[in-house]
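Have a look at the structure below before the remarks.
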Amino acid sequence: MSVRLRPDDTTIFIRRMQAADLEQVQAIDKISFTLSWPESAYRYELFENLASILWVAEALEPGGIQRVVGMVVVWLIVDEAHIATIAVHPDYRNQGIAQELLCAALIESIEKGMRKATLEVRARNQAAQRLYQRFRFEVAGVRPRYYRDNFEDAMIMTVHGLDENYLKWLKDGGWKASAGEPNLDAGERP
């Protein structure tokens, strides 16, 4: 699906992750996180984990150059979609790409029978928390000293009621009108 046309005539497409994307996805991961996933983790999610949803944002830049600029991985656990990781390349942040990725992942999650979604987010990452609140996630708890790089707490955020009404709200873009513009496209993962 085509998302937007940037001022420099770059079109952003949200699509399923493919094997050819792994190198670029890994590069985004490394630049976005202090504790990055190895390529083998993405390879596992793509080829072996049947309970995984993987999307990328691809930019079609002037001159026909194609570049993966964002990604999201979601694990499907019984009736819950767990947002495992989401990140956007620094050159493309603050343009709503993370929101489009999250929307696509939530739509697919609902279509696969998920009834709630959850994630962990750094306690100090207010921008990420605002992004998730835009999608009706609420703080459900805290995981003390969760992040291994600095032992920062993680906020557990959850959205319940992933049903036909929520699906329609997503597809109609209701989240675009939700409280304030979050300033996020940086990485976030447990």
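The values are calculated or read from the model by the stated rules, or taken from the named source; none is laboratory data. A quick note: this is a predicted structure, and the numbers were derived from the prediction, not measured. For neighbour counting, all protein chains shown are included, and Cβ atoms are generated from backbone atoms with ideal geometry for every residue, glycine included.
Observations on the structure shown:
- For THR85, the conditions (1) modelled with pLDDT under 95; (2) on the phi < 0 side of the Ramachandran plot all hold with the exception of (1).
- Pair list, Cβ < 6 Å and 6+ apart or interchain, from region 61-85 residues that are in contact (Cβ under 8 Å) with a residue 40 or more places away in the chain and among the polar types (S, T, N, Q) to residues that are surrounded by 14 or more Cβ atoms within 10 Å (Cβ to Cβ) and part of a strand (DSSP E or B): THR85/VAL73
- Every residue from region 116-169 that is small (Gly, Ala, Ser) and either farther than 23 Å from GLN95 by Cβ or not in a helix (DSSP H, G or I) (or both): ALA117, ALA123, ALA140, GLY141, ALA154, GLY161
- Condition check for GLY113: surrounded by fewer than 19 Cβ atoms within 10 Å (Cβ to Cβ), part of a strand (DSSP E or B) and without any contact (Cβ under 8 Å) to a residue 40 or more places away in the chain: no
- Top-ranked residue of region 79-97 - restricted to ones that are in a helix (DSSP H, G or I) and either in contact with a helix residue (DSSP H, G or I) (Cβ under 8 Å, 6 or more places away or on another chain) or of a type in the set (A, V, I, L, M) (or both), ranked as surrounded by the most Cβ atoms within 10 Å (Cβ to Cβ): ILE97
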